[in-house]
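Remarks on the structure that follows.
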Amino acid sequence: MSRVRADEEEYWHSSKFRAFTFDDEDDELSQLKESKRAVNSLRDIVDDDDDDLERVSWSGEPVGSISWSIKETASGSTSSLDGRDSSLQKGSSSYAALPKQASSYSLSSLFKGRNKLSSFQSLSDALTDTGVKNYAPELHRPKAEYKDCSSDWSPKDTVRRMQRGKVCSLERFRSLQDKLVLLDEAVAGHDGNVITAVLIFLKRTLRREILFRELEVRQVALCHLIHFLRETGEQKFLLDLLRTHCFFSLSLQLSQYREHLNIQDVEKRREFLKGCIGLPFSAEDTSHIQDHYTLLERQIIIEANDRHLEMAGQSELFRKYPRKASILNMPLVTTLFYSCFYHYTEAEGMFSSPTNLKKTFKIPDKQYVLTALAARAKLRAWGDVDALLTTKNWLGYTKKKAPIGFHRVVEILQRNNAPVQVLQEYVRLVEDVETRLNLATKYKCHDVVIETYWDLKDRIQLTAYKGKVERGSAEEDKINSILSNTVRNAYS
């Protein structure tokens, strides 16, 4: 009995459960502190907030960075995420001594809903918390937004959705019939943006000859395409289109031809004019465009050669009369004047020769003489002026001839300060007496006035004109001689 009682006493004294005593308070408190340290240690394993270290992924990028979060979210694997969480412990190879990132997120805060500044919370709370900045971008758009692209819409529905600004893929319209139906629906919708979008799709997916052929019966779409090509500067495509459709009005053709004025680069303008030659103009207009293209080609050659001569200082004429402007894009008459001024003596075989220009562009004699006379008079080359106005007949006789009239020759020479002796020579050749007297009086060609009155036997006018000449001059002596001879002849 005593043995049994002794066993019971030993059992009760050896049990881990003991009765409460006030003396055990310190022991309980120590156990509570020990338990708390264990919990804190576990928390450090899950989420380390060490300021000197950053968690990094297996790719070497800091955990919580945008690129890391994109890769982790795109993987979508819960098991790999958990595995990565468990592997990120202190002392492992996944830690690296990196500079502190601006983001306050770590692995657990980004995917488990906890940040450094707050306590543990659920993932939904962390994402909806307005006080916390979310660095993870939106990776996937809702599938509903791609409904317009993936659905099998008809051409009519597709046009309606395009009018509402919806994203619609046109690539599924593969056959020619479907593409034409789509274009017709776009035209019927009267929306210029939709029509242009469909035309761009057709331009990219159809051969030119097929597209041009179908647009021939679709005038609205054709006008939209022409406007689009002009805006984008696709001149070659536009010229091919205009060349194919010969039914365009003259105003449209001229409008296209005028586009060369907007082209600054001379080589591009030359190529553009070359393309305009094939437009359906009349024969006369086509010849004009051909001449325009040829003239620009000549100007490019002349400009390159003369610029070289001017810079090298090899020409005395260029040194004495420097060029004031480039010859490029100048009219034909200006080019002819330039040629007569700087290249008058060149052989006909040279592109810059005035006679070559006259022959190539069929310049009339009147225009050629007028331009050449102005150029040579400006240089005061009176010998060239005389040669220009001198012709030789089949018998070898020479005479003066002016297709523009000698009265105009006199005016041009006077504007270029020709000497009185030169002016008088050409004033005498003016056939109309009244015009001759007016020019001679105006430009003080006294000998011509005296000779004309003498031929007219007008003693009264000759006497009156005596008062207009300088007293004691040779002209006064000549008038006195004529008057005295007239009196002597009258009494003989």
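With bins 10 Å wide beginning at 0, the percent of Cα pairs of the range 353-439 falling in each bin runs 16, 48, 30, 6, 0.
Write out the GluC sites (Glu not before Pro) in the range 425-474 meeting two conditions: DSSP loop, and at most 16 other Cβ atoms within 10 Å of their Cβ. Each step should come with its number before you reach the end.
Working: sites: E425, E431, E434, E451, E470; in loops: E431, E470.
Within the range 425-474, the qualifying GluC sites (Glu not before Pro) (loop, at most 16 other Cβ atoms within 10 Å) are E431, E470.
Note on the range 261-363: Cα convex hull, mean projected area over all directions, 7.1 nm².
Pairs K268/K359; K320/K468; K268/K366; K179/K274; K274/K362; K399/K444: which are spaced more than 32 Å apart, C-alpha to C-alpha? Walk me through the intermediate numbers first.
Numbers: K268/K359 27 Å; K320/K468 40 Å; K268/K366 34 Å; K179/K274 34 Å; K274/K362 20 Å; K399/K444 25 Å.
From the list (K268/K359; K320/K468; K268/K366; K179/K274; K274/K362; K399/K444), the Cα-Cα distance tops 32 Å for K320/K468; K268/K366; K179/K274.
What is the projected area of the convex hull of the Cα atoms of the range 381-431, averaged over all directions, in nm²? Show your work: numbers first, answer last.
Numbers: hull surface 14.9 nm².
Computing the convex hull of the Cα atoms and averaging its projections yields 3.7 nm².
Stokes-Einstein diffusion of the range 176-319 at 37 °C, 0.692 mPa s viscosity, Kirkwood radius from Cα pairs, rounded to a whole number: 187 µm²/s. Is the C-alpha gyration tensor of the range 414-479 telling us rounded, prolate or oblate? Criteria: a/c under 1.5 is rounded; beyond that, a/b larger than b/c is prolate, otherwise oblate. The shape class here is oblate. Hydrodynamic radius of the range 362-492 by the Kirkwood approach over all distinct alpha-carbon pairs: 16.4 Å. As a rough guide to protection, the peptides 173-181, 439-447 ranked by mean Cβ packing within 10 Å, highest first, stand as 439-447, 173-181. Relative protection proxy for 315-326, 373-384, from highest mean packing down: 373-384, 315-326 (other beta-carbon atoms within 10 angstrom).
With a cut-off of 13 Å between beta carbons, the residues surrounding I479 carry a summed charge of -2, where Lys and Arg count +1 and Asp and Glu -1. Please list 3J(HN,Hα) in residue order for the range 317-334, calculated via the Karplus relation 6.51 cos²θ - 1.76 cosθ + 1.60 where θ = phi - 60°; whole Hz, with x for glycine and proline. Values, residue by residue: 5, 5, 6, 7, 10, x, 5, 8, 7, 6, 7, 5, 6, 7, x, 5, 5, 5 Hz. Let me know the shape class of the range 155-246, please: from the alpha-carbon gyration tensor, a ≥ b ≥ c as square roots of the eigenvalues, rounded when a/c is under 1.5, otherwise prolate if a/b is greater than b/c, or oblate. Prolate, since a/c reaches 1.5 and a/b exceeds b/c. Counting Lys and Arg as +1 and Asp and Glu as -1 over every other residue whose Cβ lies under 12 Å from the Cβ of E297, the net charge comes to 0.
Rolling a 1.4 angstrom probe over the protein heavy atoms with all chains in place gives the range 302-383 an accessible area of 55 Å² per residue. Carbon-plus-sulfur accessible fraction, the range 306-353 (probe radius 1.4 Å, protein heavy atoms only): 60%.
Each part reduced to its alpha carbon centroid, the range 152-177 and the range 370-438 end up 77 Å apart.
The values are calculated or read from the model by the stated rules, or taken from the named source; none is laboratory data. What you see is a predicted model; the values in this text were computed from it and never measured. As a convention, Cβ positions derive from the backbone with ideal geometry for all residues, glycine included, and neighbour counts pool all protein chains shown. For accessibility, only protein heavy atoms count, side chains too; no ligands or nucleic acids. Shrake-Rupley method; radii C 1.70, N 1.55, O 1.52, S 1.80 Å.
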